[in-house]
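Working notes, beginning with the structure itself.
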Amino acid sequence: MRANCWLGRGEVEVRQVPDPQILNSHDAVIRVSKTAICGTDLHLYDGFVPTMMKGDVLGHEFMGEVVDVGHDVETLRIGDRVVVPFPIACGRCNTCLAGDYSLCENSNPNASLAEKILGHAPGGIFGYSHMLGGFPGGQAEYARVPFADIGPIKIEDDLPDERVLFLSDILPTGYMGAEFCDITPGDVIAVWGAGPVGQFAVASAFLLGAERVIVIDRFPYRLEMARDNSGAEPVNYEESDVREALLELTAGRGPDACIDAVGLEAHHFSHAAHSYDRAKQVTRQESDRPFALREAVRNCRNGGVVSVIGVYGGFVDKFPMGSLMNRGLTLRSGQCHVQRYLRPLLDRIRNGEIDPSFVITHRLGLDDAPHGFTTFRDKEDECMKVVLTP
Ligand code: NAD
Ligand code: ZN
Ligand code: ZN
């Protein structure tokens, strides 16, 4: 089959690779109908996630048709149309039973490698480095899906792919980021990052009852999408003072909760620094760009919540721990527990409360994945979200 493979920093290639097979009686194989490129893929692309290997198949946002099932799979049949959540989860361990699916204790076959790097091992994720299981991803014609009874959600025929694809990741991720904020009526929420994840964090904050949502980025077209689609109030950090804008909108108190939907500043690196060594230097020197997480902490009102859904790796310097501690802030973060949100968010899509397809700006064939990566990374052609059709 054809699959989009990671070859090294800044290099992906669509190659011929072996077709996936059922390896375990709980597996299914999916023929991918749609798959997307995520901001997280850019972190892999930019070489910020360790334990990637040349030839790894990328992609953790995908959906399609079940074409094979292991003999212990009970809920899926050949021919079912499903969206696959990006975390792989057994559904039976302590963390899965608690609903914390991305921390599954049984889905990461490389747990000891992850422990060395992270302290304890999180669960496995499709197409997302060997420390997170080394599973081939879904930017491919076919994908093997372990624990097929737990993750994939069946989709009725009348809902088109583009309306449901983002259940695999970015819609639940944005929603979880907003849920972390414990929103009560009257709350003002600030979201750093108006990328696809930020768009859904904004929309979800409104769904959960926020009175006002402020969105911060530097790309006017991204800010405009958040304003036009969800009613957010945009602040362009290259044009205005973010702190002043936030204070003015909150009677001097600061937002009730701040969401970091930026994470590792891949863009920053890709614009300012084309090599990994240069990028590391820029991070250390705390370049001229504001660092979203630090801003989110410093601007949050006393006692508020800082919700970190942007992905981080390694060590993050100059984190304002003093501000967090002395002002009683709560920090929440994590890879999204997608399985938890599938049913309720599918219901919200079905009843028209949200149509996630508004973020799609580019529709390409799988073979154009390398072009999709550069377009998305460099914000060419007002790119927001790239969807690939194998
Ligand atoms: P993206 O790269 O398209 O969007 C990031 C946006 O942040 C860009 O528009 C960029 O201009 C903006 N930005 C950069 N620095 C900023 C700053 N200092 N202040 C304000 N905005 C700034 O990516 P995306 O697909 O929207 O993903 C966003 C983040 O969410 C990534 O880190 C990604 O890895 C992460 N993510 C996390 C999960 C999860 O489960 N927690 C799931 C999916 C994605
Ligand atoms: Zn993703
Ligand atoms: Zn589990």
Just give me the residues in segment 49-80 being closer than 10 Å to residue 6 by Cβ and assigned to a strand (DSSP E or B), in sequence order. 56, 57
Filtering segment 2-48 down to residues that are assigned to a loop (DSSP other than H, G, I, E, B), modelled with pLDDT of 95 or more and more than 16 Å from ligand 3 (Cβ to nearest atom) yields 17, 18, 19, 20, 21, 22, 23, 25, 37, 38
Being buried (at least 24 other Cβ atoms within 10 Å of the Cβ) and within 15 Å of residue 155 (Cβ to Cβ) is the filter here, so list the residues in segment 49-81 that pass it. 61, 62, 63, 64
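What number of residues within segment 5-21 are surrounded by 17 or more Cβ atoms within 10 Å (Cβ to Cβ) and closer than 19 Å to residue 378 by Cα?
Total satisfying the criteria: 2.
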Within segment 211-225, identify whether any single residue is assigned to a loop (DSSP other than H, G, I, E, B) and either closer than 26 Å to residue 375 by Cβ or modelled with pLDDT under 95 (or both), and answer yes or no. yes
Filter segment 59-93 for residues that are of a type in the set (Lys, Arg) and without any contact (Cβ under 8 Å) to a residue 40 or more places away in the chain; which is farthest from ligand 3 (Cβ to nearest atom)? 77
Options 235, 213; residue that is within 12 Å of ligand 1 (Cβ to nearest atom) and either in contact (Cβ under 8 Å) with a residue 24 or more places away in the chain or not aromatic (Phe, Trp, Tyr) (or both): 235
Can you tell me which residues in segment 81-90 are within 16 Å of ligand 1 (Cβ to nearest atom) and in a loop (DSSP other than H, G, I, E, B)? 85, 86, 88, 89
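Residues checked against (1) surrounded by 15 or more Cβ atoms within 10 Å (Cβ to Cβ); (2) within 26 Å of residue 218 (Cβ to Cβ):
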residue	(1), (2)
351	no, no
359	yes, yes
362	yes, yes
366	yes, no
372	yes, yes
377	yes, yes
386	yes, yes
389	no, no
Residue 151 versus (1) surrounded by 24 or more Cβ atoms within 10 Å (Cβ to Cβ); (2) modelled with pLDDT of 95 or more; (3) of a type outside the set (A, V, I, L, M); (4) within 16 Å of ligand 1 (Cβ to nearest atom): which is the lone unmet condition? (2)
Say we look at segment 309-351 and pick out the residues that are among the hydroxyl-bearing types (Ser, Thr, Tyr) and assigned to a strand (DSSP E or B); which of these is farthest from the chain's Cα centre (by Cα)? 330
Is it the case, given these coordinates, that residue 96 is part of a loop (DSSP other than H, G, I, E, B) and within 16 Å of ligand 3 (Cβ to nearest atom)? no
In the set 8, 79, which member is over 24 Å from residue 160 (Cβ atoms), more than 16 Å from ligand 2 (Cβ to nearest atom) and small (Gly, Ala, Ser)? 8
Selected residue (criterion: nearest to ligand 3 (Cβ to nearest atom)) from residues of segment 170-198 that are more than 19 Å from residue 229 (Cβ to Cβ) and within 17 Å of the chain's Cα centre (by Cα): 176
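The values are calculated or read from the model by the stated rules, or taken from the named source; none is laboratory data. Note that the structure is predicted; figures quoted are calculated from it, not measured. Methodologically, a virtual Cβ is constructed for each residue, glycine included, from the backbone with ideal geometry; neighbour enumeration extends over all protein chains shown.
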